[in-house]
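Chemist: Before anything else, here's the structure in question.
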Amino acid sequence: MVDQVEEFAWGGDGEDAEILIHAPDEVTAERAFERILPAARLPGVHSPVHAAAAPGGFGWVAVSGTHAAPDLLSSPVRGLLLVADVDADNLGVPVGDVTDLALRGLAEAGPSLPVLNGAGVRRVCEEGAQAAAEDGLVEEEDLEYVGPVEGDPDALGRRALGAGARDWEGPFELEAAVVGGVLDTDGAEALDLRPGMLVFVVRAGAGNLGRLALGTHRARISTRIRAGVDFGAGDDPPAAPLETEEAADLVAATNAASNFADARAARAAYALRRVLREVAGGLSLRASWKVGGVEDQDGLLIHRNNLAAAGENVPLVSGGVVAAGMGKMWRSAPPFGAPEDEGRWPWEEAGLLGRWANLDPTGGEG
């Protein structure tokens, strides 16, 4: 079903577009091919549809100049790379215990952290981390990493907004690690990274707010199609023309969910700074990336499913690697790792990411 077109890349024919899959091996590429076929049926799709697949993750990017499809994007997630003032050797506790220490501190501090009512949810969905900064949850200099996008909380739907108040205080992903081997001196210097530094990787998503919003717009578009409205396509996947109210509301809702994820990530950084002050000193934000959602590029709508927006030299953490995008796959990159083969990293060999530094979760030699 797929043919190898170059190292770590396999191609196949979809219904309306070719498919190009980056993967560490053919078996993984074959499995990914079946999953990506609906994306290749997107009306107005630009060929090829790009995907990245590995044992630990899978994602695609599908681009259309005519339609928007809620099934072809994932709810937004914001990732952050925070660097501690204190090096790992000066912690006084094993690096492997720091994540648990932080999580216990967060649980104890939970009642004292800011909460949101319905009006607050609407505000962060419109303003993102800017609202968090106004409430003292994020440093002003951090805003360059998490600028808001144009979202409309009214497009989310009542159920999604209701879920937001509960999601606000929900858990987020947290990993502590130590900067190990530096693989690109210029890249590491751009982030002011050096071996031995203690870092934290935070990932905060839009939760049920994002999931319910996408479900609402999928149901809305599907209902219109079943009622006989000609959207210029079938219902697999359900899609609406970009000039319609349905498509505009989908984009506005997805952007509002993105702002919500950004504000949750800002809250997570604020909480970590509070509970780890005595152990790790201050925490400086060095990199930020968004996974999923949609993006308008010159009138083309980019649907990202579990891939990060990462243009050339834009840093992110992919697996246990601090890396930078190479601008391929519509300026997208996998935020999940792939197993190395004799020291060769598939994402780097395929030209998707360039490695800047390794992260070691145990604090040993990276």
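Chemist: Tell me, what is the percent relative contact order of the chain, built from C-alpha pairs under 8 Å that lie six or more residues apart?
Modeler: Numbers: 855 pairs, mean separation 95.2, N = 366.
Relative contact order, the chain: 26 percent.
Chemist: When the Karplus curve 6.51 cos²θ - 1.76 cosθ + 1.60 is applied with θ = phi - 60°, which whole-Hz ³J(HN,Hα) does each residue of region 339-348 get, with x for Gly and Pro?
Modeler: For region 339-348, the Karplus curve yields x, 6, 10, 6, x, 9, 9, x, 5, 6 Hz.
Chemist: In a shell of Cβ-Cβ distance under 11 Å around Ser284, excluding Ser284 itself, what net charge do Lys and Arg (+1) and Asp and Glu (-1) give?
Modeler: Values: positive: Arg273, Arg286; negative: Asp85, Glu139, Glu141, Asp142, Asp192.
Taking every other residue near Ser284 into account, the sum is -3.
Chemist: With the crude spin-label approximation of a point 7 Å out along Cα→Cβ, what separation in nm comes out for Thr99 versus Glu139?
Modeler: Spacing of the two 7 Å Cα→Cβ label points: 2.5 nm.
Chemist: Taking θ as phi - 60°, what are the ³J(HN,Hα) couplings along region 168-175 by the Karplus curve (6.51, -1.76, 1.60), each to the nearest whole Hz, with x for Gly and Pro?
Modeler: So the J values, rounded to whole Hz, are 3, 9, x, x, 9, 7, 9, 9.
Chemist: On full extension of the chain, what length is gained from Asp341 through Glu150, given 0.36 nm per residue of separation minus the C-alpha to C-alpha distance? Intermediate values should be presented prior to the final figure.
Modeler: Numbers: separation 191, 0.36 × 191 = 68.76 nm, distance 4.20 nm.
Taking 0.36 nm per residue and subtracting the Cα distance, the gain is 64.6 nm.
Chemist: Starting from region 272-345, pick out the GluC sites (Glu not before Pro) whose DSSP state is loop and whose Cβ has at most 15 other Cβ atoms within 10 Å. Could the numbers behind the result be given before it?
Modeler: Values: sites: Glu278, Glu295, Glu312, Glu340, Glu342; in loops: Glu312, Glu340, Glu342.
Counting only loop positions with at most 15 other Cβ atoms within 10 Å, the GluC sites (Glu not before Pro) in region 272-345 are Glu312, Glu340, Glu342.
Chemist: With θ taken as phi - 60° and the coefficients 6.51, -1.76 and 1.60, list the Karplus ³J(HN,Hα) couplings across region 225-235 in order, rounded to whole Hz; mark glycine and proline as x.
Modeler: After applying 6.51 cos²θ - 1.76 cosθ + 1.60, I find 5, 5, 7, x, 5, 8, 9, x, 6, x, 10 Hz.
Chemist: With each pseudo-label sitting 7 Å past Cα toward Cβ, what's the Asn90-Ala107 distance in nm, one decimal?
Modeler: Each label point lies 7 Å from its Cα, and together they span 3.0 nm.
Chemist: Among Thr99, Thr223, which comes first, second and so on when ranked by fewest other beta-carbon atoms within 10 Å? Could you put the intermediate results ahead of the total?
Modeler: On the way: Thr99 16, Thr223 12.
Lowest count first: Thr223, Thr99.
Chemist: If the only charges are +1 at each Lys and Arg Cβ and -1 at each Asp and Glu Cβ, what is the size of the charge dipole of region 71-360 around the Cα centre, to the nearest 20 debye?
Modeler: Details: 26 positive and 46 negative charges, 206 e Å.
With Lys and Arg at +1 and Asp and Glu at -1, about 980 debye.
Chemist: Next question, about the same structure. Express in whole angstrom the spacing between the alpha-carbon centres of region 176-190 and region 27-62.
Modeler: Using only Cα atoms to place each centre, the spacing works out to 31 Å.
Chemist: Can you run the Rg to Rh ratio on region 71-360? Use alpha carbon positions and the Kirkwood inverse-distance Rh. Numbers along the way, then the final one.
Modeler: Values: Rg = 19.8 Å, Rh = 19.8 Å.
Radius of gyration relative to Kirkwood radius: 1.00.
Chemist: Can you give me the Rg/Rh ratio for region 177-224, using Cα atoms for both radii and the Kirkwood formula for Rh? Could you put the intermediate results ahead of the total?
Modeler: Numbers: Rg = 20.4 Å, Rh = 14.4 Å.
That ratio equals 1.42.
Chemist: In the calculated pair distance distribution of region 1-77, what percentage of Cα-Cα distances lie above 17 Å?
Modeler: Value for region 1-77 (Cα pairs over 17 Å): 39 percent.
Chemist: Which of Asn208, Asn255, Asn90 ends up with the largest GNM mean-square fluctuation for the chain, with Cα atoms connected below 10 Å?
Modeler: Asn90
Chemist: Additional query: Would you list Val291, Val95 from fewest to most Cβ contacts within 10 Å? Could the numbers behind the result be given before it?
Modeler: On the way: Val291 27, Val95 18.
The fewest-first ordering by Cβ neighbours comes to Val95, Val291.
Chemist: May I pose another question? Using only Cα atoms, figure out Rg for region 191-261 and give it as a multiple of 2.2 N^0.38 Å. Write out the running numbers ahead of the final one.
Modeler: Values: Rg = 18.4 Å, N = 71, 2.2 N^0.38 = 11.1 Å.
Here the answer is 1.66, to two decimals.
Where a number appears in this text, it was derived from the coordinates with a stated rule and is not lab data. Not measured: the values here are computed from a predicted model. All Cβ positions, even for glycine, are placed from backbone atoms using ideal geometry, and neighbour counts span all protein chains on display.
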